[in-house]
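Read-outs throughout are calculated quantities, based only on the coordinates presented, and are distinct from any laboratory measurement. Predicted, not measured: the structure shown is a model, and the values here were computed from it. Cβ coordinates were reconstructed from backbone atoms using ideal geometry, including for glycine residues, and neighbour counts include every protein chain displayed.
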Amino acid sequence: MSTAVPEIRNRSSRILDRAADSVLSLIVAVHMFAALLLAATLLFASPARAAEDVACGARDLVAELQLKNPAEYEKLKAEGDKVKNAGARFWKLEMVGHKPNWLLGTIHLSDPRVTDLPRESKSAYDGAATVVLESDEVLDQQKAAAGLMAKPDLMYFSGTDTLDNYLKPDQKAVLEANLIKRGIPFLSIVKMKPYLVTSMVSLSTCELSRKANGAPFLDMKLARDGVAAGKKIKGVETMQEQIEAMASLPLDFHVRSLVSSLKYPEYTADMMETTVQLYLSDRIGMVFPAGTYFAPETNVSDFQDMAKFEEVLITKRNHNMADRAMPILAEGNVFMAVGALHLIGDEGLVELFRQKGYTVTAVR
């Protein structure tokens, strides 16, 4: 663990409660943005693996810490417990005069541990008349891809501009060396915006293989199954809006994140597996503290961007989702499923729906 973390934590405690270094931030963003996952899958297909380990060899760092150093684990857990509404991923929404609704936090992965819903949420989903997702565009991959390509500036550099223009020599060396290990020549990605490349390299080969073979990530599975069952499918965002939010962050932030993801591939993979395990065990509040604790390095300059990251990619979108969902929720018997990190905190969806008059109760 970096010795700089305690000092940085004191100087920027509020931001650290919600975000870690740039590597974790982009891992979190990968979980949130179905559009980036779709684009990465379409552009980079991995061969199928014969006998797949769902964790793809990655480690659960929090579980290891709990086993080897229980005292440190309890400190980390205490940090996660401070985050409001972070101890559950499934919630019931009730309001007098309305049929109850349901809210599920998701991870946008095709990992079968994620896509297999627990009994309570599966029962609520089966009985719901309407399914609300971040974007209903997940139902038509080709249409979604065409929509993204209609605004190529969100995905690619234009004219003579390239990623190379924004890299320092040492950063370029890291990218070239680590991309070639993955069989990706640097020249093949030089026109791509860095967050698109990060969305690909942050995913395990197992996840990329599943996607390349057509396995739907959780949100897509909920949409497809809903259509097959005759449910209405609605979205509260467009994929274009999601990518625009990502693109609004400073480009040098994205460059640093891409470089870090490739520079520390084991950390990137282990944090992905750790995040999945925290999600499955309803310890969502520990995701950001764990990313900080295990970070191989922490760049102080990253924290200048973290406030904007939190505002644009989490808080602002939370308010938009809540506002757009309210007319749909008024119909009752709605199953809403969005990224789990949108549920937690003072301005997470759980708290926002309470402010809008709902009684929101964790379902365990």
Exercise. Too long at a 32 Å Cα-Cα cut-off: which of Lys92/Lys193; Lys82/Lys211; Lys75/Lys263; Lys82/Lys193; Lys234/Lys308?
Worked result: Lys92/Lys193; Lys82/Lys211; Lys82/Lys193
For this session: Multiply the residue separation of Lys172 and Lys308 by 0.36 nm, subtract the distance between their alpha-carbon atoms, and state the gained length in nm to one decimal.
Result: 46.4 nm
Problem set entry | Inverse mean reciprocal Cα-Cα distance (Kirkwood Rh) of the range 212-261, Å | 13.8 Å
Seminar exercise, completed: Interchain or sequence-distant (5+) residues whose placed amide H lies within less than 5 Å of the amide H of Met336 are Trp102, Leu103, Leu104, Val132
For this session: Quick one: give the max-minus-min coordinate of the C-alpha atoms of the range 243-283 along each principal axis, largest first, in Å.
Result: 34, 24, 12
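Let me spell out the model: positive unit charges on the Cβ of Lys and Arg, negative unit charges on the Cβ of Asp and Glu, origin at the Cα centre of the range 105-164. What dipole size does that give, in debye rounded to 20? Can you show the working numbers first?
Details: 5 positive and 11 negative charges, 43 e Å.
Roughly 200 debye for the range 105-164.
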Exercise. What FRET efficiency, computed as 1/(1 + (r/R0)^6) with R0 = 41 Å and r the Cβ-Cβ distance, is obtained for Asp153 and Arg113, rounded to the nearest 0.05?
Worked result: 0.65
Exercise. By counting other Cβ atoms within 10 Å of each Cβ, how are Glu94, Glu310 ranked from fewest to most?
Worked result: Glu94, Glu310
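What percent do you get for the relative contact order of the range 227-364 when only Cα pairs under 8 Å and 6+ apart count?
Working: 62 pairs, mean separation 32.5, N = 138.
That works out to 24 percent.
Can you put Met336, Met200 in order, fewest other beta carbons within 10 Å first? Mind dumping the intermediate values first?
Values: Met336 25, Met200 22.
Arranged by neighbour count, lowest to highest, Met336, Met200 become Met200, Met336.
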Exercise. Efficiency by 1/(1 + (r/R0)^6): what FRET value for Asn165 and Leu187, r their Cβ-Cβ distance, R0 = 22 Å, to the nearest 0.05?
Worked result: 0.95
Problem set entry | Separation between Cα centres of the range 307-335 and the range 91-122, rounded to whole Å | 15 Å
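What does the net charge come to around Tyr73 if you take all other residues with beta carbon closer than 14 Å to its beta carbon, with K and R at +1 and D and E at -1? Let's see the in-between values first.
Values: positive: Lys68, Lys75, Lys77, Arg283; negative: Asp60, Glu64, Glu72, Glu74, Glu79, Asp81.
Combined, the nearby Lys, Arg, Asp and Glu give -2.
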Problem set entry | For Tyr156, residues with placed amide H under 5 Å, excluding near neighbours | Lys193
Exercise. Which distance in Å, rounded to a whole number, links the C-alpha centroids of the range 261-286 and the range 127-203?
Worked result: 21 Å
Problem set entry | Charge context of Leu218, other residues only, Cβ under 14 angstrom, K/R +1, D/E -1 | +1
Seminar exercise, completed: Full extension between Arg354 and Asp140 adds, at 0.36 nm per residue less the Cα distance, a length in nm of 73.7 nm
Exercise. Given 0.36 nm per residue, what is the gain on full extension from Arg324 to Ala71 after removing their alpha carbon distance, in nm?
Worked result: 86.8 nm
Exercise. For the residues Asp136, Asp346, what sequence is obtained by ranking on other C-beta atoms within 10 Å, fewest first?
Worked result: Asp346, Asp136
